[in-house]
Amino acid sequence: MTKHHPYSRPDQVEALKFALLRRVALYCMWLHVVLFGAFWHLQVETLAIVNIGSVTMWYIGIKLIDNNKPSLALRVFCLEVALHATLVCAYLGMSLGFQYYLWTVSCLMLLDYQLKLRHAVIYSVVLITLFATLKLLFDDVIYHYRYQELVPYVHFANVLICGIPMIYTISHIRKMTVQQRDELAELAAHDPLTKMFNRRYAKELITHAKESCISTHSPLCLVMADIDHFKKINDTFGHGKGDKILKTVAKTIQSHMLPADIAVRWGGEEFLIVLAPCSGDEAMRRIEQLRQATENIKFENNIIKITMSFGITNWDHSESFEQAIHHADAALYRSKELGRNCITTAPSISTTQTS
């Protein structure tokens, strides 16, 4: 697969995701530094010492992320949260809300795409099961240290502290995923050079356009267009110049399109234009404007002269797409025979125009 090639581009979403994870890890590491002081002040020395280990584990996880081992880092974080939550609940009870951190880390485990989904689900289920088990084991443990009146507020703060990183991470990943999806949809629908629709996606649009015209009893026309002497231009000036000409012509075509029109790079220097709804006479008028605009393109100080030939067919609703394309191709071929830089119509359109 392409993504496993040594020179393939790293997954941007994954890179950004683990950059977010690093920020969350830093947040958690400093949170445990604060907890060390809090537990020491409460004279729960065991938990204070445990927090030294917690800070160390979060630091190790951050270094693992920096060394491109985010999956291993996530497992270190899971282990730390599981141990920390269990010990705090055992010493201080459930009323402070430290057990809710298990929910956060169980959700984050599902974001580790390097794990098989089955394994990620198992890790998450184990963490949630631990959450439920803590309730059974330590629900009767009573908090009897300083500041008992602040316990409800600590519980409230813990819910926010464990929830905000999860919301922050997942919201950013959602944004990146939607952006990547839109980019992939754009790539799937458009020719990378000209930014016009590609053949595969255009066929779907053309099918819908025909169905719409059938339902409204409206005419539609197919136009095949070809850049004249393009092979000679490529051979003389190089493919780089040829690509620039293709992009320039594509922009010219698109500038003459209405919102309902479909402009497609059909292959090489050949373009397909679907005008729907559009009559034969209207198609002739509009394509003539496009022909003149193409002829007037100033390229390389007019050293390179660009013209196009066109073939138009009125797409009879009873015909298949392949039949309509055949008629438009035949008309285009006739334009080539007539000397190029002209428009020829298939027999179904009564008017023929050349220049």
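The values are calculated or read from the model by the stated rules, or taken from the named source; none is laboratory data. Being a predicted model, the structure only gives us computed values, none of them experimental. Heads up, the Cβs are rebuilt from the backbone with ideal geometry, glycines too, and the neighbour counts pull from every protein chain shown. Surface areas here come from the heavy atoms of the whole protein model, side chains and all, with no ligands, DNA or RNA. Shrake-Rupley method; radii C 1.70, N 1.55, O 1.52, S 1.80 Å.
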Worksheet item: With every protein chain present, what is the per residue accessible area of the chain (1.4 Å probe, Å²)?
Response: 55
Fill in: Nearest 10 degrees, 0 to 90: helix 12-41 Cα axis against the chain principal axis
20
Discussion item. Looking only at the stretch 243-355, where both bridge partners belong to it, what percent of the DSSP beta bridges are antiparallel (to the nearest 5)?
Written reply: 60
Worksheet entry | Point-to-point label distance, L137-I167, nm (Cα→Cβ direction, 7 Å offset) | 3.0
Item to complete: Sticking with the crude label model, points 7 Å out along Cα→Cβ, report the distance from D182 to K305 in nm, one decimal please.
Response: 4.5
Practice prompt. Kindly work out what percent of the DSSP beta bridges joining two residues of the chain are antiparallel, to the nearest 5.
Written response: 85
Item to complete: Over the chain, with every protein chain in place, what whole percent of the accessible area is carbon and sulfur at 1.4 Å, could you tell me?
Response: 61
Fill in: the chain - charge dipole about Cα centre, Lys and Arg +1 at Cβ, Asp and Glu -1, debye rounded to 20
740
Worksheet, complete the sentence: Between the modelled labels at R118 and A15 (7 Å from Cα along Cα→Cβ) the distance in nm is 3.2
Worksheet item: What does the charge count near M224 come to, summing +1 for each Lys or Arg and -1 for each Asp or Glu among other residues with Cβ under 10 Å from its Cβ?
Response: -3
Fill in: Where a label projected 7 Å from the Cα of A38 along Cα→Cβ would reach, residues of the stretch 124-148 with amide N under 17 Å
143-148
Item to complete: Would you indicate which of (1) 25, 40, 22, 11, 1; (2) 24, 30, 21, 21, 5; (3) 27, 50, 21, 2 is the value of P(r) over Cα pairs in 20 Å bins from 0, in percent derived from the coordinates of this structure?
Response: (2)
Discussion item. What do you get for the angle between helix 45-66 and the principal long axis of the chain? Use alpha-carbon atoms, 0 to 90 degrees, nearest ten.
Written reply: 20
Discussion item. What does the extension gain come out to for T46 and A330, with contour length at 0.36 nm per residue minus their alpha carbon separation?
Written reply: 93.5 nm
Worksheet item: Contour minus end-to-end for H256 and V151, with contour as 0.36 nm per residue of separation and end-to-end as the Cα-Cα distance?
Response: 30.9 nm
Discussion item. Give me the percent relative contact order of the chain, please, defined on Cα pairs under 8 angstrom at least 6 residues apart.
Written reply: 12
Worksheet item: For the stretch 224-355, how big is Rg over Rh, using alpha carbon atoms and the Kirkwood form of Rh?
Response: 0.96
